[in-house]
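The next block holds one structure in the form of structure tokens; read it before the comments.
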Amino acid sequence: MEFVLYEVKGAVGIITINREKALNALNSTVLEELDKTLDAVNLEEIRCLILTGAGQKSFVAGADIGEMSSLTKEEGEAFGKKGNDVFRKLETFPIPVIAAINGFALGGGCEIAMSCDIRICSDNAVFGQPEVGLGITPGFGGTQRLPRLVGTGMAKQMIYTGRNIKADEAYRIGLVNAVYTQEELMAQAEKMAAGIAKNAPIAVRNCKKAINDGLDTDMDQAIVIEEKLFGDCFETEDQKYGMAFFLDKNKEKVKEPFKNC
Ligand code: DAK
């Protein structure tokens, strides 16, 4: 791949958008390669993904403005669909995805981070939806995901003003869960991913599905979605093992890794 790296560390897959000269801006090739990378993740082996950007300056500085500048209406729609499809694939990916935001997360960069399950960032990170200054609306879900994450008023302020915010403000408004130094960021992301990966994989997947699907509907239906996904866990070996381990009074026993079945 030209612009996307994929590395496996134990049960954790690390996807790096590697277009540092353009601050990891998303062009069509990056979007296509991200799509292929996600399709190639071995879900038997990998239990959590981390998404980050190459270098120390930028996570993703947005969609590629050079490529977008000459698009026709039809081409703009096709570009938007390519991005939206990948972002939705990330959002609904069966296993959790952590965005490790190591610098600029502007426009499409903020939007791809919001498609991940969990966001943590470095202290030099900068977030914003500057699209209105370019004569467009956010096009990769920013008008939809930002209000759901930080509330309507704050999202409208960020989108209408196009003003960037720094890491500490992103933390304060709940756009990121934690802020680390640049040096600490990946180690912390990997630690969190490993913590997720050691839990029962089918239960973790079902939690993601319950939260995502439940948020798309009203509470009466949402609770039924949870009931079903909760019930499904009782057909797994991991539930039988996890509960039997708790109930076993032998203090010398050592917990085995969950088997993902
Ligand atoms: N696209 C293309 N190239 C970019 C880029 C971008 N978004 N951001 C940076 N670069 C390139 C710069 O052009 C420069 O390239 P060279 O000149 O070296 O060839 C290189 O990266 C380094 O950037 P700077 O020289 O500008 O670096 P600085 O440190 O001075 O400034 C910056 C960093 C992040 C503040 C600045 O680069 C900047 O403002 N970048 C643009 C940020 C931005 O406005 N991002 C939002 C883009 S709009 C849609 C779907 C999605 C979208 C729209 C429509 N449809 C539904 C169709 C999404 C839109 C966006 O994301």
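Bear in mind that the values in this text are calculations on the coordinates, not laboratory data. Note that the coordinates shown come from a computational prediction; the quantities given were computed from them, not determined experimentally. In this analysis, Cβ positions are derived from the backbone assuming ideal geometry, glycine residues included, and neighbour counts consider all displayed protein chains.
Some points to look at:
- Per-residue ellipticity at 222 nm computed for the chain from its helices equals -15000 deg cm²/dmol, with DSSP H segments shorter than 4 residues left out and the rest contributing -39,500 (n - 2.57).
- Cβ-placed point charges (K, R +1; D, E -1), dipole of the range 102-243 about Cα centre in debye, nearest 20: 360 debye
- Relative contact order %, the chain, counting alpha carbon pairs below 8 Å whose residues are six or more apart: 16 percent
- Between the amide H of ASP64 and those of LEU26, ASN27, distances stay under 5 Å, these residues lying 5 or more places away or on another chain, with hydrogens modeled in the peptide plane.
- Net length gained if the chain between THR137 and PHE230 were fully extended (0.36 nm per residue, minus Cα distance): 29.6 nm
- Axis angle, to the nearest 10 degrees, between helix 219-233 and the longest C-alpha principal axis of the chain: 50 degrees.
- For the range 116-123, 3J(HN,Hα) computed residue by residue from phi via the Karplus equation (6.51, -1.76, 1.60; θ = phi - 60°) reads 7, 6, 9, 10, 10, 9, 8, 6 Hz, glycine and proline entered as x.
- In Hz, Karplus ³J(HN,Hα) per residue of the range 2-17 (6.51, -1.76, 1.60; θ = phi - 60°; x = Gly, Pro): 7, 10, 10, 9, 9, 10, 10, 10, x, 9, 10, x, 10, 9, 10, 7
- For the listed peptides 182-188, 46-52, 101-107, a ranking on the average number of other beta carbons within 10 Å per residue, highest first, reads 101-107, 46-52, 182-188.
- Reciprocal of mean inverse Cα separation for the range 28-116 (Kirkwood radius, Å): 13.8 Å
- Unit charges on C-beta of K, R, D, E only; dipole of the range 174-253, Debye: 400 debye
- FRET efficiency, ASP218 to GLN182 (Cβ-Cβ, R0 45 Å, nearest 0.05): 0.60
- Between helix 237-247 and the chain: long-axis angle, C-alpha atoms, 0 to 90°, nearest 10: 60 degrees
- Each of GLU77 and ARG172 was given a label point 7 Å from its Cα along the Cα-to-Cβ line. The distance between the two points is 4.2 nm.
- In a reduced charge model with +1 at each Lys and Arg Cβ and -1 at each Asp and Glu Cβ, the chain shows a dipole moment near 620 debye about its Cα centre.
- Think of the range 1-143 as a dipole: +1 on every Lys or Arg Cβ, -1 on every Asp or Glu Cβ, centred on the Cα centre; then among LEU90, LEU38, PRO130, PRO130 lies furthest on the positive end.
- Distances between placed amide hydrogens fall under 5 Å for LYS9 paired with ILE14, all partners being 5 or more residues away or on another chain.
- Calculated FRET efficiency for the pair GLN239/LYS156, C-beta based, R₀ 41 Å, to 0.05: 0.40
- Karplus-derived 3J(HN,Hα), 6.51/-1.76/1.60, for each residue of the range 197-213, Hz, glycine and proline x: 5, 7, 7, 4, x, 5, 5, 5, 4, 5, 4, 4, 5, 5, 5, 5, 5
- Sorted fewest first by neighbouring Cβ atoms within 10 angstrom, SER58, SER115, SER69, SER28 come out as SER69, SER28, SER115, SER58.
- For the set LYS73/LYS209; LYS81/LYS228; LYS81/LYS209; LYS9/LYS89, the pairs lying more than 27 angstrom apart at their alpha carbons are LYS73/LYS209; LYS81/LYS228.
- Residue order, fewest to most surrounding Cβ atoms within 10 angstrom, among CYS121, CYS233: CYS233, CYS121
- Cα centroid separation, the range 212-232 to the range 50-81 (Å): 34 Å
- Annotation: peptides 211-219, 11-19, 142-150, ranked by per-residue average of other Cβ atoms within 10 Å with the highest first, follow the order 11-19, 142-150, 211-219.
- Part-to-part distance (alpha-carbon centres) for the range 168-188 and the range 132-165, which is given in Å: 20 Å
- Here, the chain has an Rg and a Dmax of 19.4, 68 Å when only alpha carbons are counted.
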